[in-house]
């Protein structure tokens, strides 16, 4: 398992590099130094930290088998007489949902509304990401 520089860890966690530095300085996120003296975070430590940062997937749900919930802001709503397309920006992720117009109206989904995209899928495709530019194989090493 490789290690990640602060900027890479920040990108993966969806926070600023300064936030990652503060977490390291506060002892919340373990880090070491590479051969050049740069602070690095072991992949397993970053994964454990990210797991601990995740919200309870059932939060806000009375009872649901869905575990993938992404809170975001509605950035676009297109309605016709029967269907609606709702676009949600959840951090760096754009989620597009097609639903009945009736459902969109009942939820009062409008641009600027906060919404949660709940994703339940029997098929999830996982790809291995290419190393970030300038990573020189650290993340995948």
If we scan segment 97-112, do we find a residue that is at negative phi, at pLDDT below 90 and within 19 Å of the chain's Cα centre (by Cα)?
no
Within segment 23-42, can you find the residues that are assigned to a helix (DSSP H, G or I) and either at pLDDT below 90 or exposed (fewer than 13 other Cβ atoms within 10 Å of the Cβ) (or both)?
25
Name the pairs: first residue in segment 92-118 and under 17 Å from residue 67 (Cα atoms), second residue assigned to a loop (DSSP other than H, G, I, E, B), Cβ to Cβ under 8 Å, at least 6 apart or on different chains?
115/107; 115/109; 116/60; 118/61; 118/64; 118/66
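The values are calculated or read from the model by the stated rules, or taken from the named source; none is laboratory data. These numbers come from a predicted model, not from an experiment. No Cβ is skipped: glycine too gets one built from the backbone with ideal geometry, and neighbour counts run over all protein chains shown.
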